[in-house]
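Novice: What follows is a structure written as structure tokens; I'll ask about it next.
No value in this document is a laboratory result; all are computed from the given coordinates. Remember, predicted model here, so these are calculated numbers, not experimental data. All Cβ positions, even for glycine, are placed from backbone atoms using ideal geometry, and neighbour counts span all protein chains on display.
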Amino acid sequence: MTTNTVATEKLAILGGEPISATGLSFLAWPPAREETGQKLLDVFFSRKWSFNGPQEQAFAREFADYHGAKHGIFMANGTVTLQCALQALGVGAGDEVIIPALTWPATAMAVLYCGAVPVFVDVDADSLCIDHTLIEAAITPKTKAIIPVHLYGGMADMEAILEIARRHNLSIVEDCAHAHGGKWNGRGVGSWGHVGSFSFQESKTMASGEGGICLTNDDDLAERLYRLKHIGYPPASAQGKAGTSPAPDLVCSNFRGTEFQAVILRDQLADLKELIETYNANAAIIEERLAGVPGVRVQARGRLSGPQSYYAFAIILDDEIVTVPHAKICEAIAAEGLSINNTYGPVYKHVLWNLTGDKFRLPEGGCTVADTIGSHNCLVLLHWVLGSEPEVIEKIGDILVKVLSNLHALAATPGEAQEAEAAGSTQE
Ligand SMILES: *Cc1c(COP(=O)(O)O)cnc(C)c1O
């Protein structure tokens, strides 16, 4: 359906016909292909299960090549990749690291693991990534690095951020946990900054249960990163043969990955380009459907962005149309047959973030965009929803158009109206 006639139908939550009475089925995630299973068995019988085996070496090479980076250093997850990136860059006690307010807590935690202080900066209302115009006000003599997060696969403005970093002599770690295979101005994410960090946790767009990788173009950083994850050993040293010593400032650990993860990821990397094309095509279809709905917009792509990797498709609702609590909007969408996810809120409001105020820094007046986005006016479709079959994408478009065109019909009870207003007031 290309017209938005569904906009005039009665909402299922109010007694109308649901768009999908049976619920929708999405892309099965993570992928579990027969031939990958066979390769996993081959690894098993090879008895070569641990780090730096043939699968890991091949995967790290292929993944770095895909993103246009010189080195790939495979690790245990996408939190230690951030931690090691900062450690490799010499970030330590007393330093400050600038991060966006809207991200998964791991971005901020990694800064704390290094003994440094996370400094939150608000996000841009269109891209939902760090607002580069606010970065300079957050820089102090203690600032050592910036971690832009390519949230949901959208792109932080890397050219502007690199320019600021050059001017103030700061390091850049790109958190690409949502952006596998994304390109910006023709260049792969993770190859713009000093280090790019990726996660392969099961929910991500490349998934091996757990896992992560650092990309870098710098030979010295690549060696430091390898040593950091492998208790100090240099790259390509045989097990038990120490080779040379790590630099005295490196406190190295064991953040190694396994051959099982690498063999799964190699097959997914082979399919990544096609998957990204599907995400981009489906995102364009849904975006076009939503274009006519007043008060609704979608997360902006980067100004120079190429094909974007969609960890999620984010829909932003203007304050004026959010007249009922967010939960009620999700309920109305669910009643049509689509269960929908909430966005992240600001890290410093996350239930897992219970640190005292001396451990981090917030800008004066807080991060109002992140607060608003997080509290009530953003909906996200995760990548396995976005990767669905065409007829499902069409139904998703129908459901979103139908509900979001009719939020006014979701009459708020007096209590709910107050709640929605309270959520809206976080803007002030
Ligand atoms: C998932 C995620 C991480 C951490 O990755 P793990 O592999 O789960 O440790 C870091 N940053 C962002 C933005 C993430 O979404």
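Novice: So for the pair residue 10, residue 46, with labels modelled 7 Å out along Cα→Cβ, what separation do we get in nm?
Specialist: Distance between the two pseudo-spin positions: 6.2 nm.
Novice: Projected onto the charge dipole of the chain (+1 at Lys/Arg Cβ, -1 at Asp/Glu Cβ, origin at the Cα centre), which of 251, 196, 405 gives the Cα projection farthest towards the positive end?
Specialist: Value computed over the given set: 251.
Novice: Tell me the GluC sites (Glu not before Pro) within the stretch 158-257 that lie in a loop according to DSSP and have at most 12 other beta-carbon atoms within 10 Å. Please report the intermediate quantities before stating the final value.
Specialist: Details: sites: 159, 163, 174, 202, 210, 223; in loops: 202, 210.
Taking the stretch 158-257 and a limit of 12 other Cβ atoms within 10 Å, the loop GluC sites (Glu not before Pro) found are 202.
Novice: Work out the FRET efficiency for residue 218 and residue 244 from their Cβ-Cβ distance, taking R0 = 22 Å, and round it to the nearest 0.05. List each step's numbers first, then the result.
Specialist: Working: r = 18 Å, r/R0 = 0.83.
With a Förster radius of 22 Å, E is 0.75.
Novice: While we're here: How big is the stretch 191-328 in terms of Cα radius of gyration and Dmax, in angstroms?
Specialist: When restricted to Cα atoms, the stretch 191-328 yields Rg and Dmax of 21.1, 65 Å.
Novice: May I ask you to list the trypsin sites (Lys or Arg not before Pro) in the stretch 11-53 that are in a DSSP loop and have at most 11 other Cβ atoms within 10 Å of their Cβ? Please list the in-between numbers first.
Specialist: Details: sites: 33, 39, 47, 48; in loops: 33, 47, 48.
Loop-located and lightly packed - 47.
Novice: Please report, largest first and rounded to whole Å, the three semi-axes of the ellipsoid equivalent to the stretch 287-352, where each semi-axis is the square root of five times an eigenvalue of the C-alpha gyration tensor. List each step's numbers first, then the result.
Specialist: Numbers: eigenvalues 94, 69, 35 Å².
They are 22, 19, 13 Å, listed from largest to smallest.
Novice: Between the helical axis of 158-168 and the dominant principal axis of the chain, each derived from Cα atoms, what acute angle in degrees is found, rounded to the nearest 10?
Specialist: For 158-168 against the chain, the angle is about 50 degrees.
Novice: Considering the options 208, 278, 231, tell which one lies farthest towards the positive end of the dipole of the stretch 187-331, charges being +1 on Lys and Arg and -1 on Asp and Glu at the Cβ, about the Cα centre.
Specialist: Of 208, 278, 231, it is 231.
Novice: With just the Cα atoms of the chain, tell me how far they stretch along each of the three principal axes, in Å, largest first.
Specialist: 71, 53, 36
Novice: Which cross-chain or sequence-distant (5 or more) residues have an amide H under 5 Å from the amide H of residue 75, H modelled 1.01 Å from N in plane?
Specialist: HN-HN under 5 Å from residue 75: 212, 213, 214.
Novice: Assuming 0.36 nm per residue, please report the length gained on full extension of the stretch residue 287 to residue 39 beyond their Cα-Cα distance. Each step should come with its number before you reach the end.
Specialist: Details: separation 248, 0.36 × 248 = 89.28 nm, distance 3.86 nm.
Result for the pair: 85.4 nm of gain on full extension.
Novice: For residue 25 and residue 409, compute 0.36 nm times the residue count separating them, minus their Cα-Cα distance, and round to one decimal in nm. Present the calculation step by step, with values, prior to reporting the outcome.
Specialist: Values: separation 384, 0.36 × 384 = 138.24 nm, distance 2.76 nm.
Going from the current span to full extension adds 135.5 nm.
Novice: Sticking with this structure for a sec: Quick check: the angle from helix 259-290's long axis to the longest principal axis of the chain, C-alpha only, nearest 10 degrees?
Specialist: For helix 259-290, the angle is close to 30 degrees.
Novice: Give the relative contact order (percent, whole number) for the stretch 52-175; include only Cα pairs under 8 Å separated by 6+ residues. Walk me through the numbers on the way to the answer.
Specialist: Numbers: 186 pairs, mean separation 27.1, N = 124.
Normalised by residue count, the contact order of the stretch 52-175 is 22 percent.
Novice: For the chain, take the longest principal axis of its alpha carbons; what is the angle in degrees between that and the long axis of helix 54-67, to the nearest 10 within 0 to 90?
Specialist: With both axes taken from Cα atoms, the answer is about 60 degrees.
Novice: Place a +1 charge on the Cβ of each Lys and Arg in the stretch 318-416 and a -1 charge on the Cβ of each Asp and Glu, then give the dipole magnitude about the Cα centre in debye, rounded to the nearest 20.
Specialist: Details: 6 positive and 13 negative charges, 74 e Å.
Its charge dipole is roughly 360 debye.
Novice: How high is the FRET efficiency between residue 327 and residue 389 when r is their beta carbon distance and R₀ equals 35 Å, given to the nearest 0.05?
Specialist: Values: r = 29 Å, r/R0 = 0.82.
The computed FRET efficiency comes out at 0.75.
Novice: Using a simple charge model, +1 on the beta-carbon of Lys and Arg, -1 on the beta-carbon of Asp and Glu, nothing else, what dipole does the stretch 161-228 show about its Cα centre, in debye to the nearest 20?
Specialist: Numbers: 7 positive and 9 negative charges, 43 e Å.
The dipole of the stretch 161-228 has a size of about 200 debye.
Novice: Something else now. Pick out, from 182, 154, 137, the residue whose Cα sits farthest towards the positive end of the charge dipole of the stretch 114-265, with +1 on the Cβ of Lys and Arg and -1 on the Cβ of Asp and Glu.
Specialist: 182
Novice: Can you compute the charge dipole magnitude of the chain about its Cα centre, using +1 on each Lys and Arg Cβ and -1 on each Asp and Glu Cβ, nothing else charged? Give it in debye, rounded to the nearest 20. Write down the numbers at each step before the final one.
Specialist: On the way: 31 positive and 50 negative charges, 289 e Å.
That gives a dipole near 1380 debye.
Novice: Shifting gears a bit: How about the stretch 41-87: which chymotrypsin sites (Phe, Trp or Tyr not before Pro) there are in a DSSP loop, with at most 12 other Cβ atoms within 10 Å of their Cβ?
Specialist: Numbers: sites: 44, 45, 49, 51, 59, 63, 66, 74; in loops: 49, 51.
Passing sites in the stretch 41-87 are 49.
Novice: Starting from the Cα of residue 361, step 7 Å along the direction of its Cβ; do the same at residue 203; then give the gap between the two resulting points in nm.
Specialist: Placing both labels 7 Å along Cα→Cβ, they lie 3.0 nm apart.
Novice: To the nearest 0.05, how large is the calculated FRET efficiency for residue 339 and residue 167 if R₀ is 56 Å and r is the Cβ-Cβ distance?
Specialist: On the way: r = 46 Å, r/R0 = 0.81.
Step by step, r from the Cβ atoms, then E = 0.75.
Novice: Per residue of the stretch 7-22, in order, report the coupling 6.51 cos²θ - 1.76 cosθ + 1.60 (Karplus, θ = phi - 60°) as ³J(HN,Hα) in whole Hz, putting x for Gly and Pro.
Specialist: 4, 9, 7, 6, 5, 4, 5, 9, x, x, 6, x, 4, 9, 6, 9
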